[in-house]
1. Please give the number of the condition Ala142 fails out of (1) out of contact with any Phe, Trp or Tyr (no Cβ under 7 Å at 6 or more places or on another chain); (2) over 26 Å from Val205 (Cβ atoms).
2. May I ask you to list the residues in segment 36-92 that are part of a loop (DSSP other than H, G, I, E, B) and closer than 16 Å to Met225 by Cβ?
3. Name the one entry in Gly172, Gly201 that is touching a strand residue (DSSP E or B) at 6+ places or on another chain (Cβ under 9 Å), at positive phi and not hydrophobic (A, V, I, L, M, F, W, C).
4. Please determine, by comparing only the residues of segment 73-91 that are without any contact (Cβ under 8 Å) to a residue 60 or more places away in the chain and closer than 24 Å to Leu149 by Cα, which one is surrounded by the most Cβ atoms within 10 Å (Cβ to Cβ).
5. Can Leu116 be described as in contact with a Gly (Cβ under 9 Å, 6 or more places away or on another chain), open to solvent by 10 Å² or more (accessible area, probe 1.4 Å) and free of Cβ contacts under 8 Å to residues at least 12 places away in the same chain?
6. Just to be sure before I move on: is Leu121 at pLDDT 95 or above and farther than 28 Å from Ser164 by Cα in the structure I sent?
7. Quick test of your reading of the structure: Val174 fulfils all but one of (1) more than 18 Å from the chain's Cα centre (by Cα); (2) open to solvent by 10 Å² or more (accessible area, probe 1.4 Å); (3) within 28 Å of Asp231 (Cα to Cα). Name the failing condition by number.
Amino acid sequence: MNIKTDRARNGRRHAALLLAVLLVASACRAQPAEDAETVVLVHGLGRTAASLMVLEARLEAAGYRVVSFDYPSRTETMEVLVDSLASVVTRCCEARARRVHFVTHSLGGVLVRTYLRGTRLPHEGRVVMLSPPNQGSEIVDAFSPSPLLVAVVGPTGARLGTDSTSALRELGPVGFSLGIIAGDRSITPLGSWLIPGPDDGFVGVDQSRVEGAADFMVVPSTHTMIMNRSDVASAVIAFLEAGQFSGSGG
């Protein structure tokens with residue numbers, strides 16, 4: 001019990017230290033330039049905008065104006081979430097609509113694909129997706145017969161399978177400048193057992209691909225932590241600037 005208690009205390013201390021560092025960094029950030037390009041961050045399933053705080057700080061340090069889209073991923077339908085994303089983009093980015101970028105994690109990539117597919121205006125910004133289930137998830141397939149699936153992942157998550165009922169079947173190839181970063185390390189044995197080939201515990205490397213993407217890279221990371229890597233942040237910034245990951249050091 002003492003060992004478990006010590007580990008719990010150490011975990012809380014590390015979390016508190018990280019939060020303190022992020023709060024200090026946030027307080028010290030310079031305001032972006034008036035002509036700064038905007039990056040909209042979209043988190044993944046079961047997460048919040050706080051999960052992308054480290055990446056947000058690195059993007060702001062690189063001179064971007066960052067907007068985090070926080071949404072209830074487990075309670076609303078795909079249509080409601082995409083409409084909410086569209087409203088946020090309209091409110092915060094309308095004046096900068098020609099150069100708005102998106103950086104997403106997991107489900108966030110599906111929301112942005114759906115949003116951009118439905119917009120009438122050409123998207124002149126770039127998109128980087130981290131661990132996106134672009135071809136669906138075998139984990140959803142495995143549990144789809146169970147009524148508990150929707151209770152656990154919500155109505156949107158339950159539509160991310162690989163079969164003909166998947167919401168992803170409607171999207172097709174991308175028509176915008178897209179870079180994808182996948183992970184190939186897992187601490188989720190059940191997920192990796194269900195997914196063929198290299199995976200990050202939740203999404204297979206091959207399932208993250210989509211036709212039309214401009215660049216693709218794999219890093220030694222798990223699904224839940226990929227957004228906090230410094231090499232991933234460097235690759236994201238390189239792609240936003242030049243439309244490719246080369247030279248990012250990742």
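The values are calculated or read from the model by the stated rules, or taken from the named source; none is laboratory data. Quick caveat: nothing in here was measured; it's all calculated off a predicted structure. Positions of Cβ are generated from backbone atoms using ideal geometry, with glycine treated the same way; all protein chains shown enter the neighbour counts. Surface accessibility is based on the protein's heavy atoms, side chains included, excluding ligands, DNA and RNA. Shrake-Rupley method; radii C 1.70, N 1.55, O 1.52, S 1.80 Å.
1. Result: Ala142 passes all but (2).
2. Correct list: His43, Gly44, Leu45, Gly46, Arg47, Thr48.
3. Only one candidate qualifies: Gly201.
4. The extreme case among them is Val82.
5. no
6. For Leu121, the condition - at pLDDT 95 or above and farther than 28 Å from Ser164 by Cα - is not met.
7. For Val174, the failing item is (1).
Each row is one residue, and each column tells you yes or no for (1) of a type in the set (A, V, I, L, M); (2) surrounded by fewer than 19 Cβ atoms within 10 Å (Cβ to Cβ).
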site: Ile195; (1), (2): yes, no
site: Pro198; (1), (2): no, yes
site: Arg209; (1), (2): no, yes
site: Gly212; (1), (2): no, yes
site: Phe216; (1), (2): no, yes
site: Thr224; (1), (2): no, no
site: Ala238; (1), (2): yes, no
site: Gly243; (1), (2): no, yes
site: Ser246; (1), (2): no, yes
